[in-house]
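For reference, the structure discussed in these notes is given below.
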Amino acid sequence: MNKVYIETYGCQMNVYDTEIVKSILQKNNYSFTDKPEDAEIIFLNTCSVRENAHQKVHQRINVLKQLRRQKKDLLMGVLGCMAQNLRQELLEDKVGVDIIAGPDSYKKLPQIISNVYNTGEKEFELTLSEFETYSDVFPTHEASVNAWIAVMRGCDNFCTFCVVPYTRGRERSRDPQNIVEEVKQLADSGFKQITLLGQNVNSYQFKKYDFADLIEKVSEVNSIERIRFTSPHPKDFPAKLIDVVANNEKACKHIHLPLQAGNDRILEMMNRTYTQKEFLDLVDVMRDKIPKLVLTTDIIVGFPTETDEDYKDTLKVIENVEFDSAFMFKYSERKNTIAQRKFKDDVPEDVKTFRMVQLVEKQRNIGYKKNQQHLGETFSVLIEGQAKKPTQMMGRNDGNKIVVFPENGKKVSEFVNVKINEVTPNTLIGDLVK
Ligand code: 5AD
Ligand code: SF4
């Protein structure tokens with residue numbers, strides 16, 4: 001039985017895909033190890049959304065290649081989003097890996113591996129499919145409190161900065177019946193929370209079922225108590241979906257709503273298909289219907305041609321909306337994207353850094369202020385594990401905020417009530433109450 005070691009980079013979809021790959025390989029009698037030096041096959045499941053992720057994988061390949069000196073027949077493979085970009089480099093033998101397989105090729109992995117063993121030749125399989133959803137492969141879930149479930153794959157939005165439509169191909173949604181089956185299995189094995197996953201999750205559409213219908217459908221599965229989803233696009237939030245988040249008891253009152261930029265000219269160049277005003281109006285509708293809503297976002301600074309004035313519009317939206325937290329990124333030019341082909345990456349690195357540092361600082365203060373409003377409140381918390389201090393545990397409230405409290409004999413996967421008596425910008429701290 002060949003032992004496989006897999007290292008995963010990037011987003012949750014990649015974590016999920018690694019579970020898919022494991023399930024496929026397990027059925028073909030492969031076993032797994034968490035030590036690269038014990039493996040006969042090493043896979044890196046890669047991300048290429050920003051340049052630093054890309055570089056990290058290159059460095060890691062170089063380190064792992066050293067293991068070949070001790071083990072001549074060690075196979076190395078690159079999976080996931082970088083596969084597409086690596087094709088040329090592989091052909092020129094710059095990378096020195098044996099297998100390259102894109103995100104729609106995982107069912108072929110057993111065949112690919114045996115071809116490489118039989119012929120000694122490198123193999124690559126990068127075809128993107130319009131149909132592959134891995135519906136018939138139930139991933140091997142690591143024991144945990146939350147289970148991720150990919151409900152759609154790919155993206156058709158073509159935001160101009162984003163490489164995802166090229167590395168993961170066209171949007172396709174899974175049959176809701178099949179998703180419900182997976183959720184039932186997860187519930188039977190003890191999961192209480194699921195997160196519906198997709199590159200553009202709220203554009204989910206399977207025949208007459210839209211994303212709001214899907215949430216309603218999975219919420220009927222007994223013993224699943226919390227439903228989350230990520231990542232949505234602001235363009236796919238009809239009233240029906242907001243109402244389901246507002247009214248379905250299992251739907252968590254947390255929405256991650258990527259803004260990306262606050263300036264209309266930049267938003268248009270990004271092809272985000274909304275204006276600042278439309279975004280702010282959407283936030284108003286959401287907050288009106290879901291009073292305790294926790295809102296988080298993604299921001300890119302230093303998109304081509306972004307001036308100080310343009311950037312200040314982003315700052316202004318951050319100040320107006322007061323997101324609970326935000327992921328901030330410096331624009332990173334990606335090969336073959338529309339932005340790379342049409343615009344020059346002309347904002348200097350130190351300007352990007354300045355804007356990002358300023359935004360992070362601003363958001364930290366806002367996050368702190370928002371958390372202070374929770375002082376004295378009591379939350380139902382789903383326990384995820386030990387906190388940093390050994391006598392404390394941590395979990396999340398409905399709004400996805402981290403809550404820390406004394407252990408007191410409580411166990412992972414239990415729900416407890418915690419009254420908040422102290423906060424930091426990122427954490428709520430409190431005591432157990434009835
Ligand atoms: N440069 C910087 N950030 C990017 N993101 C996606 N592509 C890029 C890029 N080329 C960010 C977006 C997206 C998040 C997942 O990553 O903010 O929402
Ligand atoms: Fe990329 Fe935009 Fe699709 Fe998100 S919605 S994956 S940012 S193209």
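Observations
- Conditions (1) at pLDDT 95 or above; (2) out of contact with any Gly (no Cβ under 6 Å at 6 or more places or on another chain); (3) farther than 26 Å from CYS159 by Cβ; number of the one not met by LEU382: (2)
- Given (1) under 25 Å from ASP136 (Cα atoms); (2) within 22 Å of the chain's Cα centre (by Cα); (3) in contact (Cβ under 8 Å) with a residue 24 or more places away in the chain; (4) more than 16 Å from ligand 2 (Cβ to nearest atom), index of the condition ASN28 fails: (2)
- Some residue of region 298-310 being at pLDDT 95 or above, touching a Ser or Thr at 6+ places or on another chain (Cβ under 6 Å), among the aromatic types (Phe, Trp, Tyr) and within 15 Å of ligand 1 (Cβ to nearest atom): no
- Going through (1) loosely packed, with under 15 Cβ neighbours inside 10 Å; (2) within 30 Å of GLY169 (Cβ to Cβ) one by one, ALA261 falls short only on (1).
- Residue that is surrounded by the most Cβ atoms within 10 Å (Cβ to Cβ), among those in region 188-207 that are in a loop (DSSP other than H, G, I, E, B) and away from ligand 2 (no atom under 16 Å from the Cβ): PHE191
- Enumerated strands (runs of 3 or more DSSP E) restricted to region 321-414, each holding at least 1 residues that are among the aromatic types (Phe, Trp, Tyr): 325-330, 378-386, 402-406
- Qualifying strands (runs of 3 or more DSSP E) (wholly inside region 92-183; at least 2 residues being in contact with a strand residue (DSSP E or B) (Cβ under 9 Å, 6 or more places away or on another chain), within 20 Å of ASP236 (Cβ to Cβ) and away from ligand 2 (no atom under 16 Å from the Cβ)): 146-150
- Screening the candidates ASN371, ASN417, ASN397 for the property of being surrounded by fewer than 17 Cβ atoms within 10 Å (Cβ to Cβ), modelled with pLDDT of 95 or more and either under 28 Å from LYS253 (Cα atoms) or not hydroxyl-bearing (Ser, Thr, Tyr) (or both) yields one hit, ASN417.
- Annotation: of all residues in region 82-137 being more than 21 Å from LEU25 (Cα to Cα), charged (D, E, K, R) and more than 25 Å from the chain's Cα centre (by Cα), the one that is modelled with the highest pLDDT is GLU89.
- Residue within region 61-77 that is more than 16 Å from ligand 2 (Cβ to nearest atom) and within 21 Å of the chain's Cα centre (by Cα) present: no
- Failed item in (1) touching a residue at least 12 places away in the same chain (Cβ under 8 Å); (2) loosely packed, with under 15 Cβ neighbours inside 10 Å; (3) not aromatic (Phe, Trp, Tyr), with GLU40 passing the rest: (2)
- Verdict on PHE343 being in contact (Cβ under 8 Å) with a residue 60 or more places away in the chain and within 16 Å of ligand 2 (Cβ to nearest atom): yes
So that you can scan it fast, the table gives a plain yes or no per residue for (1) within 16 Å of ligand 1 (Cβ to nearest atom); (2) of a type in the set (A, V, I, L, M, F, W, C); (3) touching a residue at least 12 places away in the same chain (Cβ under 8 Å); (4) crowded, with 18+ Cβ neighbours inside 10 Å:
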| residue | (1), (2), (3), (4) |
| --- | --- |
| PRO110 | no, no, yes, no |
| SER129 | no, no, yes, no |
| SER135 | no, no, yes, no |
| THR140 | no, no, yes, no |
| TRP148 | yes, yes, yes, yes |
| GLY154 | yes, no, yes, yes |
| PHE161 | yes, yes, yes, yes |
| TYR166 | yes, no, yes, yes |
| ILE179 | no, yes, yes, yes |
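- Close pairs from region 408-434: first over 11 Å from GLU377 (Cα atoms), partner among the β-branched types (Val, Ile, Thr) and at pLDDT below 95, Cβ under 6 Å, at least 6 apart: SER413/VAL145
The values are calculated or read from the model by the stated rules, or taken from the named source; none is laboratory data. Nothing here was measured: the structure is a model prediction, and the numbers come from that model. Cβ: placed from backbone, ideal geometry, glycine included. Neighbour counts: every protein chain shown.
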